[in-house]
Amino acid sequence: MKTTRLFLVAVICLLAQSVTSLADDRMIPVSQLPATVKTFVTKNFPGKNITYAEKDVEFGGTKYEVRLNDGAKIEFDKKGNWDNVDCNTYAVPAALVPASIAQYVKANFPGTTIVKIDKERHGYDIELSNDIELKFNKSGALIGMDD
């Protein structure tokens, strides 16, 4: 009985090690980024340069993360579409924010900007320049708030 348990624990440990070794996060040269990623940055962040690029190989596919020379961080899903944009202290490009969300923020939080936007299964999570976090569904209706 004890031998069987010990064997099972050993097998589980080996499987866990194998699974974690399949996830490979590594820095890559900017030249190895997909064209969609480079085009996105050029179009939405004119005048900014990619200073860091990372390739994340996972079960579901390959994801990418880039950092720009102004400190912005952008994550891309396995299809090369942006998934998360964090501009730290300045506004996320307006083209990335659905119109209904932009209108809600403008009407309810005047004087603030959206500094982070994250696409989620339920819709969007955003962070404002005053550190308030808002959750919106896919239709752009507010579904939650954190401060």
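The values are calculated or read from the model by the stated rules, or taken from the named source; none is laboratory data. A quick note: this is a predicted structure, and the numbers were derived from the prediction, not measured. In this analysis, Cβ positions are derived from the backbone assuming ideal geometry, glycine residues included, and neighbour counts consider all displayed protein chains. To get the accessible areas, we keep the full protein, side chains included, count just its heavy atoms, and leave off ligands, DNA and RNA. Shrake-Rupley method; radii C 1.70, N 1.55, O 1.52, S 1.80 Å.
For region 31-60, taking the residues that are over 17 Å from Leu96 (Cα atoms) and among the aliphatic types (A, V, I, L, M), the one that is surrounded by the fewest Cβ atoms within 10 Å (Cβ to Cβ) is identified as Ala35. Regarding Gly71, is this residue modelled with pLDDT under 90, of a type in the set (Gly, Ala, Ser) and surrounded by 10 or more Cβ atoms within 10 Å (Cβ to Cβ)? Considered against the rule, which asks whether it is modelled with pLDDT under 90, of a type in the set (Gly, Ala, Ser) and surrounded by 10 or more Cβ atoms within 10 Å (Cβ to Cβ), Gly71 comes out as no. Of the strands (runs of 3 or more DSSP E) lying entirely inside region 95-147, those carrying at least 1 residues that are touching a residue at least 12 places away in the same chain (Cβ under 8 Å) and among the aromatic types (Phe, Trp, Tyr) are 123-128, 133-137.
Residue under question is Asn108, and the condition is that it be polar (S, T, N, Q), at positive phi and open to solvent by 70 Å² or more (accessible area, probe 1.4 Å); does it hold? No; evaluated as a whole, the condition is false for this residue.
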